[in-house]
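The values are calculated or read from the model by the stated rules, or taken from the named source; none is laboratory data. Keep in mind that this is a model prediction, so the values were computed, not measured. All Cβ positions, glycine included, derive from the backbone under ideal geometry; neighbour counts span all protein chains shown. Each accessible area value is taken on the protein alone, full model and side chains, heavy atoms only, with ligands, DNA and RNA left out. Shrake-Rupley method; radii C 1.70, N 1.55, O 1.52, S 1.80 Å.
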Amino acid sequence: MMTKLEIKNLKVEADNHPILHGVNLTVNTGEMHAIMGPNGTGKSTLAETIMGNPHYHITDGQILLDGVDLATKKVDERARAGLFLAMQYPAEIPGITTANFLRAAINARHPEQPIAIPKFMSELNNALDLLDMSQKTANRYLNAGFSGGEKKRNEILQLLMLKPKFALLDEIDSGLDIDALKVVAKGVNAMRGPEFATVMITHYQRLLDYIVPDVVHVMMGGRIVKTGGPDLAKHLEKTGYACLRDELGLDIELVDE
Amino acid sequence: MKMHTPRYAQMKTAKWGLHALRTPLADLAIQLANQDELLQNGGTFAVADHISSDVETAHRQTDPENAYLAAHFEQLTQTVQIEVPDQVQLTKPLLVDWQPTTPGNGNFHFSIRLGKNSRATVIITQKAGAIGLNSIGEIAVGADAQLEVAELNLFDHGSRAYFHQNANLDRNAALNWSIAQIGTGNVLGEFNTELNGTGASANIQAVSLAKKDEHIGLQTTVGHHAPHTTSRILQHGALFAQAETNLNAIGKIDHGAHGADAQQESRLLLLDPSAQGNANPILLIDENDVQAGHAASVGQVDLQQLYYLMSRGLTKETAENILVRSFLAPVLSSLPAGPIADQVDHLLGQRLGGIDPNEA
Ligand SMILES: Nc1ncnc2c1ncn2[C@@H]1O[C@H](COP(=O)(O)OP(=O)(O)OP(=O)(O)O)[C@@H](O)[C@H]1O
Ligand SMILES: [Mg+2]
């Protein structure tokens, strides 16, 4: 069954600093979206706000999951409803292994019926294999002392294990070497299907060669200013954001100017 | 001499109900395990009905006006004696497990004496009944000997416990002492270590968990009385709503104890604004050529970590429990591996509730 995530005229601020100025975006399961845009334009803010990070405050607009407003739902409820955010900067949690953490997270989805250990182990091993990760990684403390690239892989491991409907991937490609990038792409592509959608935030067209999107959005100045197909990303790679801005006649200052 | 109630840890203990520890005594069930190796090597591992007056005098001198200590010795009925002769290296931990079997206060005593160049591990599991317990003990570690002591306190709700335990170390002796206070109830404890011989060293770690209406006061003291002695005190406590915990760490370095190194770290994690915690580092140094360091903190859960865990669908309660474990991990990891570590882990899971990520 198709599920719909709708963002309507979303305005968001953090510490009284307005960041998003009316974002509109609709994502259905079965679709792959990419969001690109200059630094400091509000991409992470959008992803974090959808996920329910209490640091960000919605001043206007709505986030609807199959028509249900998520505004009053806490982050954990949103996760259990099928949202997932691979974070730009995942936290380190020494004291719990990735494996135990994952089992707790799976069981949080149906506490009355905990997953059987053999089933969990076989799913975990399959996911580890797919991502070329060793069993040792899953028995290390969650992200503790992990390199940047290892953390990103661990986010995708969680994605595979938790099987969300909507995965927001915030710069999942940053800091990855080319082999790791292929592995991560393999993980995301394995999730593809009618029950799954992703919104990938990235700075690099290269990621989109491996995870081909259906739709590409460009964000600037706290809004989505252009939407197109995979060609839009290729075009941007050649021309840059300043050029697009001028094309659209937008009055936005870019960080690098 | 005016006797007084214990007044460690800057705590006002009037409300703790510690006076109950002077009520009629409970019968004790004391179980010893893994004796054979020690007995074959000419040692002692037994329950006795008295202790020598020298031991009593020495112990009471460390706090002569302490009314609870006095009551303990007056009412003493049973004591566990462990004597390891010189040059004996035990491979299996000596296990002491005791609990009151009748209503009333449990009055427990132990003496551990480790001979020169010997090696042993002692694991003490103590339970309290409805009233509470006194756990008083002496530890002596001979020259070049190595002793590991772990105490696991499993108390029932409403219990009170009072600890007063002293350790003395000779030249190059090493003590690794762990105290896990994760049962329910009120606990007041003083753990004193005297490094009397050159090169003696002590690692002392305490871990505690306090929930609603529970009070914990732990004071860990190390005295450096000889050159090149080293110590590390590591205390971590987690507090939930309406709980109270006070951690004192005291390092004393005498004049002449050159080359001594005293390190201490006391940290408290408050899970609710209504919890009250204090971590007091105290260093008293009377010698120039030494190293000493202390860290103390009273903090809340890291919101970024909490958010990360919850973003995977864990409830706030489960996420906080994970962060409690994470916070206690540096201390838990220094417990002797094996059954006691598992038992502590299991007990933590029980006390924390919610989904226990470490339970199968
Ligand atoms: N708490 C805050 N107070 C003030 N400004 C903030 C706060 N949080 C974010 N911002 C600002 O909001 C803007 C958008 O930040 P955001 O992290 O969403 O950008 P981004 O598009 O993800 O950038 P990047 O590509 O560099 O990751 C930035 O200018 C940032 O400095
Ligand atoms: Mg960002």
Fill in: lysines with Cα under 25 Å of residue B:316, excluding same-chain neighbours fewer than 8 positions away
A:73, A:74, A:151, A:152, A:163, A:165, B:211, B:212
Worksheet entry | Sequence of B:347, B:38 from largest to smallest accessible area, 1.4 Å probe | B:347, B:38
Item to complete: Take each complete run of DSSP H in chain A, measure how far its Cα atoms stretch along the helix's own axis, and keep only those covering 18 Å or more with mean Kyte-Doolittle hydropathy at least 0.0; list them.
Response: A:117-130, A:178-191
Fill in: Part-to-part distance (alpha-carbon centres) for region B:205-224 and region B:127-145, which is given in Å
15
Discussion item. Rounded to the nearest percent, how much of the accessible area of region B:18-300 (1.4 Å probe, protein heavy atoms only) is carbon and sulfur?
Written reply: 45
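Would you calculate a helix-derived [θ] at 222 nm for the protein assembly as shown, using -39,500 (n - 2.57) for each DSSP H run of n ≥ 4 and dividing by the full residue count, to the nearest 500? Spell out each step's value before the answer.
Values: 16 runs with 161 residues, N = 617.
Roughly -7500 deg cm²/dmol at 222 nm, from the helical runs in the protein assembly as shown.
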Practice prompt. Take every DSSP beta bridge whose two residues both sit in the protein assembly as shown, then give the antiparallel share in percent to the nearest 5.
Written response: 20
Fill in: Shielding by other protein chains, B:320-332, mean Cβ within 10 Å
3
Discussion item. Based on alpha-carbon centroids, what's the gap between region A:38-117 and region B:321-343 in Å, whole number please?
Written reply: 28
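Rounded, prolate or oblate: pick one for region A:144-208, where a ≥ b ≥ c are the square roots of the eigenvalues of its C-alpha gyration tensor, a/c under 1.5 means rounded, and failing that, prolate if a/b is larger than b/c, else oblate.
oblate
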Worksheet entry | the protein assembly as shown: projected area of the alpha-carbon convex hull, averaged over directions, in nm² | 32.7
Worksheet item: Which value, in Å² rounded to 10, gives the accessible area of residue A:55 with a 1.4 Å probe and all protein chains present?
Response: 90
Discussion item. Contact order normalised by length for chain B, with contacts defined as Cα pairs under 8 Å and 6 or more residues apart; what percent is it?
Written reply: 11
Worksheet entry | Part-to-part distance (alpha-carbon centres) for region B:55-89 and region A:148-178, which is given in Å | 59
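Please arrange B:39, B:283 by accessible surface area, largest first, computed with a 1.4 Å probe and ligands excluded.
B:39, B:283
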Worksheet item: Once the Cβ-Cβ distance between residue A:71 and residue A:110 is put in as r, and R0 is 35 Å, what FRET efficiency do you end up with, to the nearest 0.05?
Response: 0.90
Worksheet item: Which whole-number percentage describes the relative contact order of region B:164-255, with Cα contacts under 8 Å and a sequence gap of 6 or more?
Response: 30
Worksheet item: Any idea what the dipole of chain A comes to, in debye rounded to 20, about its Cα centre with Lys/Arg Cβ at +1 and Asp/Glu Cβ at -1?
Response: 820
Worksheet, complete the sentence: For the residue B:27, residue A:129 Cβ pair and Förster radius 60 Å, calculated FRET efficiency rounded to 0.05 is 0.55
Item to complete: Choose one answer from B:213, B:144, B:54: the residue with the largest mean-square fluctuation in a GNM of chain B with alpha-carbon springs under 10 Å.
Response: B:54
Discussion item. Starting from a Cα-only point model with no solvent, please compute log10 I(q)/I(0) by Debye for region A:4-248 at q = 0.11 1/Å.
Written reply: -0.58
Item to complete: Using only atoms on other chains, find how many Cβ atoms lie within 10 Å of each Cβ of peptide A:74-80 and report the average.
Response: 6
Worksheet entry | For region A:4-248: relative contact order, % (alpha-carbon pairs under 8 angstrom, 6 or more apart) | 28
Worksheet item: Calculated FRET efficiency, residue A:204 and residue B:91, Cβ-Cβ r, R0 51 Å, to nearest 0.05?
Response: 0.30
Worksheet entry | Nearest-10 value in Å² for the accessible area of residue A:212, using the 1.4 Å probe | 70
Worksheet, complete the sentence: The percentage of Cα-Cα pairs in chain B separated by more than 25 Å is 53
